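Scroll down for the structure; my scribbles are underneath it.
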Amino acid sequence: MTPLFQTGNAVRVRKGSPPGHIRTPFYVRGCKGVIERVAGEYRNPEELAFGRFDTPVVPLYRVRFQQQEVWPDYQGNPQDSLDVEIFEFWLEPANPEKT
Amino acid sequence: MKTSSTNESDTNNTAPTTYYQFLEISVRELLIEKGVLSAEDIRNAVKEMDSRGPELGAQVVARAWVDPQFKQSLLQDAPSAVKTLGLDIGPVQLLVVENTPEVHNLIVCTLCSCYPRSLLGLPPDWYKSREYRSRAVREPRSVLLEFGTDISDEVEVRVHDSTADLRYLVLPQRPAGTGHLTEDELAALVKRDSMIGVTEVCFSAI
């Protein structure tokens, strides 16, 4: 599976709340970040959790967020950042011009 | 139902057995009864895990401090680099993040307690606590201060939330004044918490 995103691409985390086992933390949903790296391809833990071991592998990314994007009242250096591992199906392209 | 457990944390636990403890015991006993695993397999796996401690991680850090080429390969491809030291970390997707004068790294797993066990052993209880897991991403500088680590406002604090398949090890900065120390002496300075990123490595010449 060719990764949809490359390092440096602006992405936004989908604001989904699907039922079941979820590996994307609630606090970054809807937040905009930048792909820090493509971190390989792994089986989808949201399927593995239910014993479905035959689903295809999916690209995993490390996405870098600015703390002030995630927590608007964040105290500290405005450069402070947060890297989170997120699977591709949780991400959509973000227009870097738009916030 | 037998309530014996191979889980060390249960040893002195006088509280009533919880739902999840019963679940673990039931699944474990079923696996043994059906011949999928033996009690000895489980005991050996626990023994193997207990034998690992932060000394392995410290050994990796000390080598990176004295060998720039090793450090470079460690940052690029940690699983291969670690293997050259004769350490077996299994299929773990290890990522080493380097502290510099510009960036201080901190590791957390907000979803559970993912931790580089093959290099640091079992995680400390505070690492698994809800308080650490929720606050490390929300107010990392306050958390660091509570560990006695005062990161300058000029430095970027970068938190890594270990939410999926990667496991993280912080490569701390080598303290000043340690030029004369051997690799083993350097490794002795490197404590577990500095490889999680809640402290820095200290050295005071006597």
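What to note about this one:
- Zero-based 5 Å bins, Cα pair distances in chain A, whole percents: 2, 13, 23, 23, 19, 11, 5, 2, 1
- Per residue, chain B exposes 54 Å² of accessible surface when a 1.4 Å probe is rolled over the protein heavy atoms with every protein chain present.
- Accessible area of B:Ser142 in the full protein assembly, 1.4 Å probe (Å², nearest 10): 50
- Taking a ≥ b ≥ c as the square roots of the eigenvalues of the Cα gyration tensor, an a/c ratio of 1.5 or more together with a/b no larger than b/c marks the stretch B:82-206 as oblate.
- Summed side-chain charge close to A:Phe89 - residues other than A:Phe89 whose Cβ falls under 9 Å, Lys, Arg +1, Asp, Glu -1: -1
- Rounded if a/c under 1.5, otherwise prolate or oblate - the protein assembly as shown, Cα gyration tensor axes: oblate
- Solvent-accessible surface ranking, highest first, for A:His21, B:His180 at 1.4 angstrom: B:His180, A:His21
- A:Val38 - accessible surface, heavy atoms, 1.4 Å probe, Å² rounded to 10: 50
- B:Met195, A:Met1, B:Met49, reordered so the largest accessible area comes first (probe 1.4 Å): A:Met1, B:Met49, B:Met195
- Protein-protein interface of the stretch A:42-90, residues with accessible area decrease of at least 40 Å², isolated chain reference, 1.4 Å probe: A:Tyr42, A:Arg62, A:Trp71, A:Tyr74, A:Asn77, A:Asp80, A:Ser81, A:Asp83, A:Glu85
- Chain B contacts chain A over a buried accessible area of about 2100 Å², both sides summed; the probe is 1.4 Å and only protein chains count.
- Sulfur and carbon atoms: percent of accessible area, chain A [1.4 Å]: 53
- Modelled spin-label separation between B:Ser134 and B:Leu31, with each label point placed 7 Å from Cα along the Cα-to-Cβ direction: 3.1 nm.
- Förster radius 25 Å - calculated FRET efficiency between B:Arg117 and B:Thr18, Cβ distance, rounded to 0.05: 0.65
- Database remark: amide H of A:Gly30 closer than 5 angstrom to the amide H of A:Val13, A:Arg14, A:Lys15 (H placed geometrically; neighbours at sequence offset of 5 or more, or on other chains; Pro and chain starts carry no H).
- Free-standing Cys residues across the protein assembly as shown, given no other cysteine C-beta under 4.7 angstrom: A:Cys31, B:Cys112, B:Cys202
- Accessible area in the full protein assembly, largest first, 1.4 Å probe, for B:Lys191, B:Lys83: B:Lys83, B:Lys191
- Looking at chain A, the accessible area is 53 square angstrom per residue; that uses a 1.4 Å probe and ignores ligands, DNA and RNA.
The values are calculated or read from the model by the stated rules, or taken from the named source; none is laboratory data. Small disclaimer: the values here were computed from a predicted structure and weren't measured. Virtual Cβ from ideal backbone geometry, glycine too; neighbours counted across all protein chains shown. To get the accessible areas, we keep the full protein, side chains included, count just its heavy atoms, and leave off ligands, DNA and RNA. Shrake-Rupley method; radii C 1.70, N 1.55, O 1.52, S 1.80 Å.
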